[in-house]
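Structure, as C-alpha cells:
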Amino acid sequence: MAKRNGSSTLSENVRKKLQSDILTGQYEPGSPLKVAELAKAFEVSVAVVREALTRLATQGLVQQNPNHGFSVKTASEEELNYIIQARLINESEALRLSIAYGDLTWESNVIAVHHKLSQTAEYKEGNEKLVVREEWSEIHRQFHYELIAACPNPVLLDICSNLWDLSEFYRHCSPPQQQVRDGIAEHKALADAVLSRDGERATQIFRAHIQLTAEVLFDNQ
C-alpha cells in the first residue's frame, strides 16, 4: 500500500508540473507528449507519467489517442466560446453564493490577495511580445478563486476550477500583442463590489471582465 501511495504522489507531482507547463505555454497546442521522454526527464517510471497524462486528459488539457499516444490539446475558437459561456454561468453563480455566505475571514483573504495582485507586474520586461509572468498568473488565479471561495457548493467550485484551467490554456496560447485593457482597474472594481456585498453589481462587473477577456482572446486567435 505504501508503494502505491508513493506512486500516486509521484504521479500527482508530475501532473502538476505538466499542467503548469501547458498552462504557461511551455508546450504548443497539439504538440506530442512522449511518455518515455517525460519519464526520463522527471526520473520516474513510464507508469507514473502515463497516470499523470491520463489525469490531465480527464481535465481536458491533454488529448489521448489509442494509436498516437498523448498530446497537448488543440485550440478551437468554438471550444473557447463554450468555455466562456460556461464560466459566465457557473462562476457568476459561485460568486453570488460566495458573497452571500462569506465571513470576515473571507473578506480579509480577498483584500490580501487583491493587494498582492495589484502590486505584481503582469508581463515580463524586455519582450517584443507580451509574455505573462508566472508569478502574476498564479496570484491572478488565487484572486479569482478567493472571490468565490466562500461558495458552499464544492461541486460548483470544482467546475469553476476546471473551467479556469481551460480558459488559462487559451489565454497563454493567444497572448495579446499589446496591452489593450486596464486589468488593475478591472480587478479593483470587482474586489470593491464583492467587499461591499453587492452581489448584483459584482456579477455584472465579473461578466464584463470575462467578456472582455474573451474578446481579446478571439482577436488573437
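Structure values in brief
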| read-out | value |
| --- | --- |
| In the range 67-100, the residues that are assigned to a helix (DSSP H, G or I), of a type outside the set (A, V, I, L, M) and over 26 Å from Leu217 (Cα atoms) | Ser98 |
| Condition broken by Gln85, with the remaining ones in (1) open to solvent by less than 70 Å² (accessible area, probe 1.4 Å); (2) under 17 Å from Glu168 (Cα atoms) satisfied | (1) |
| Residue check, Gln64 out of contact with any Cys (no Cβ under 8 Å at 6 or more places or on another chain), free of Cβ contacts under 8 Å to residues at least 24 places away in the same chain, assigned to a helix (DSSP H, G or I) and open to solvent by 10 Å² or more (accessible area, probe 1.4 Å) | no |
| Gln177 being modelled with pLDDT under 85, within 22 Å of Glu134 (Cα to Cα), in contact with an Asp or Glu (Cβ under 6 Å, 6 or more places away or on another chain) and surrounded by fewer than 14 Cβ atoms within 10 Å (Cβ to Cβ) | no |
| Which numbered condition Leu156 misses (of (1) within 24 Å of Lys116 (Cβ to Cβ); (2) at pLDDT 85 or above; (3) buried (at least 16 other Cβ atoms within 10 Å of the Cβ)) | (1) |
| Members of the range 101-127 found to be among the hydrophobic types (A, V, I, L, M, F, W, C), open to solvent by 40 Å² or more (accessible area, probe 1.4 Å) and not in a loop (DSSP other than H, G, I, E, B), listed by number | Leu104, Ile111, Ala112 |
| Unmet requirement for Arg15, which otherwise passes all of (1) open to solvent by less than 80 Å² (accessible area, probe 1.4 Å); (2) under 26 Å from Glu215 (Cβ atoms) | (2) |
| Within the range 3-46, tally of residues that are in a helix (DSSP H, G or I), of a type outside the set (S, T, N, Q) and out of contact with any helix residue (DSSP H, G or I) (no Cβ under 8 Å at 6 or more places or on another chain) | 8 |
| Count - residues of the range 209-221 that are open to solvent by 60 Å² or more (accessible area, probe 1.4 Å) and either modelled with pLDDT of 95 or more or not in a helix (DSSP H, G or I) (or both) | 1 |
| Residue check for Val49: outside any helix (DSSP H, G or I), over 30 Å from Tyr123 (Cβ atoms) and either polar (S, T, N, Q) or open to solvent by less than 90 Å² (accessible area, probe 1.4 Å) (or both) | no |
| Unique match (being modelled with pLDDT of 90 or more, closer than 28 Å to Glu37 by Cβ and surrounded by 15 or more Cβ atoms within 10 Å (Cβ to Cβ)) among Ser92, Ser98, Ser71 | Ser71 |
| Verdict on Leu130 being modelled with pLDDT under 85 and open to solvent by less than 60 Å² (accessible area, probe 1.4 Å) | yes |
| Test for Gln26: is it touching a Lys or Arg at 6+ places or on another chain (Cβ under 8 Å), open to solvent by 70 Å² or more (accessible area, probe 1.4 Å) and of a type in the set (S, T, N, Q) | no |
| Residues of the range 52-61 that turn out to be open to solvent by 60 Å² or more (accessible area, probe 1.4 Å) and either part of a strand (DSSP E or B) or over 30 Å from Ala208 (Cα atoms) (or both), as a count | 1 |
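The values are calculated or read from the model by the stated rules, or taken from the named source; none is laboratory data. Since the model is a prediction, treat every value here as computed from it, not as a measurement. Note that each Cβ is placed from the backbone with ideal geometry, even for glycine, and that neighbours are counted across all protein chains shown. Keep in mind that these areas ignore ligands, DNA and RNA; they rest on the heavy atoms of the full protein, side chains included. Shrake-Rupley method; radii C 1.70, N 1.55, O 1.52, S 1.80 Å.
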